[in-house]
Amino acid sequence: MTYLDTLDWMFAQLPMYQKQGKTAFKKDLTNTLKLAEHLNFPHKNFKSIHVAGTNGKGSTSHMLASILQEVGYKVGLYTSPHLKDFRERIRINGQVVSKQFVTGFIKRNKAFFDANKLSFFEMTVGMAFDYFSKQKVDIAVIEVGLGGRLDSTNIIIPEVSVITNIGLDHTQFLGNTLKEIAFEKGGIIKPNIPVVIGETQKETLPVFKEIAKKNNSKITFADKNISEEYQSDLLGDYQVKNIKTVIQAIKELQNKGFKITLKHLEIGLLNVVKNTGLLGRWQILNENPKVVCDTGHNKDGLTYVMKQLKKEVYKSLHVVFGVVNDKDLSSIIDLLPKTATYYFCKPNIPRGLDAIELKRYFNDHGLKGDTYSSVNEAYKTALENSKTTDLVFIGGSTFVVAEII
């Protein structure tokens, strides 16, 4: 199989949350543990940091990797979803995994995957752990896919566990209250391993404290503990909270003997994009007119993004917007600017919400605009309609942003 054949097989063979939604979610770690044994427990061959949370876990993971790279460590980074190419999910020192490794890994293990009906996530996590082990990374930053307790990544024993924050997202899998979701994400807290919580929230505080106590884990709340402020090349005010979380996690690593200096921290935070290849976080794609995209897609994520948007100076605002079909539109509609012109589109995945349906809902709530046959068509028209003093914003879904950048 070629690289593209391999990806087609991975994407099509088995349910995958990204394309199909709920049917791709598995409720236990049996398959992951079976796969780990089959691969000879690769995750035991490298140190790790485990990062969960509703928002900010991607940015936080990339910042941590960037700082560790500045120290001189060989750093693995596993994140999801990807924007343009599957290989973005698995990187070492910012370089994506080779096509040869992806095809070779699937070829070598295909009979096992077929026999055990592994999900896309399980295979991908196995691939990442195998790659990091074979490449002898010093440490890997591992981002949780969904939730925590039952996520395929949750077989590692990390140096430190990190939970950025808790919001209402993926409620069909993780529960309908912040407490229930905190319980799922708190599942990455391991016995005697320190845990850093990014944001103190009154609903989730007792949940995390209880789990940490049961596990004899030192728990620290970054927003209460860190007063220093640092700059980052990741723009957007919402990164301030992520940076505090990162600093607290670095302090925990320093306590464990990692030789990370203030200089490493500062340079690492300023070079996240260069060091790790992160895209789509308040990313400026053009000036005159200014074009900005952001992958924020749930209530909390969009709250921060819309706050940022309000700080921009422009004559007219054009918003290219599309979502997935399990998005609770009622939770985000009030956040969105009423005076913008909207360009409604459907991201090109089976889970994309039809643009006509999206337009109908927005129109009913006083937001005006037209539908377009594709994300690119919507973007092209927004650019054509914009004067140099206008602003074009692209968002609503990771998959909308992916089609533009």
Given 0.36 nm per residue, what is the gain on full extension from Phe11 to Leu205 after removing their alpha carbon distance, in nm?
66.1 nm
Using Cα atoms only, what is the angle between the long axis of helix 299-310 and the major principal axis of the chain, expressed in degrees (0 to 90) to the nearest 10?
50
Below 17 Å, Cα to Cα, which aspartates and glutamates can Lys311 reach? Residues fewer than 8 away in the same chain don't count.
Asp237, Glu287, Asp294, Asp390
So, in Å, what gap is there between the alpha-carbon centers of the stretch 308-333 and the stretch 200-217?
34
Could you sort Leu83, Leu285 by accessible area so the largest value comes first, with the probe set to 1.4 Å?
Leu285, Leu83
For the Cα atoms of the chain, what angle does the longest principal axis make with the long axis of helix 355-364, in degrees from 0 to 90, nearest 10?
70
Leaving out ligands and nucleic acids, and using a 1.4 Å probe, what accessible area per residue does the chain come to in Å²?
42
Taking max minus min of the Cα coordinates of the stretch 231-372 on each principal axis, largest first, gives extents in Å of 57, 34, 25
In the chain, what % of DSSP beta bridges are antiparallel (nearest 5)?
20
What does the charge add up to near Ile142, with Lys and Arg as +1, Asp and Glu as -1, over the other residues with Cβ less than 13 Å from its Cβ?
+2
Among the listed pairs Lys259/Lys299; Lys117/Lys214; Lys179/Lys213, which are separated by more than 26 Å between their Cα atoms?
Lys259/Lys299; Lys117/Lys214
For the chain, projected area of the alpha-carbon convex hull averaged over all directions, nm²:
18.8
What residues of the stretch 319-352 lie in the reach of a label at Asn385, counting those whose backbone N is under 15 Å from a point 7 Å from the Cα along Cα→Cβ?
319-322, 337-346
With axes computed from alpha carbons, what is the tilt in degrees of helix 375-384 against the longest principal axis of the chain, rounded to the nearest 10 within 0 to 90?
50
Portion, in percent, of the accessible area of the chain that falls on carbon or sulfur, probe 1.4 Å
50
Multiply the residue gap between Leu329 and Gln231 by 0.36 nm, knock off their C-alpha separation, and tell me the result in nm, one decimal place.
31.9 nm
Filter Lys244/Lys310; Lys44/Lys244; Lys84/Lys310; Lys290/Lys380; Lys34/Lys74 down to the pairs with a C-alpha to C-alpha distance above 18 Å, please.
Lys244/Lys310; Lys44/Lys244; Lys84/Lys310; Lys34/Lys74
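For the stretch 243-294, state which trypsin sites (Lys or Arg not before Pro) are in a DSSP loop and have at most 12 other beta carbons lying within 10 Å of their beta carbon. If you can, show how the numbers build up before the last one.
Numbers: sites: Lys244, Lys251, Lys256, Lys259, Lys263, Lys274, Arg281, Lys290; in loops: Lys256, Lys259, Arg281.
Taking the stretch 243-294 and a limit of 12 other Cβ atoms within 10 Å, the loop trypsin sites (Lys or Arg not before Pro) found are Lys256, Lys259.
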Return the percentage of antiparallel bridges among DSSP beta bridges fully within the stretch 256-353, rounded to the nearest 5 %.
50
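The values are calculated or read from the model by the stated rules, or taken from the named source; none is laboratory data. In this text, all values refer to a predicted model and were calculated from it rather than measured experimentally. Virtual Cβ from ideal backbone geometry, glycine too; neighbours counted across all protein chains shown. Heavy atoms of the whole protein, side chains included, go into the accessibility calculation; ligands, DNA and RNA do not. Shrake-Rupley method; radii C 1.70, N 1.55, O 1.52, S 1.80 Å.
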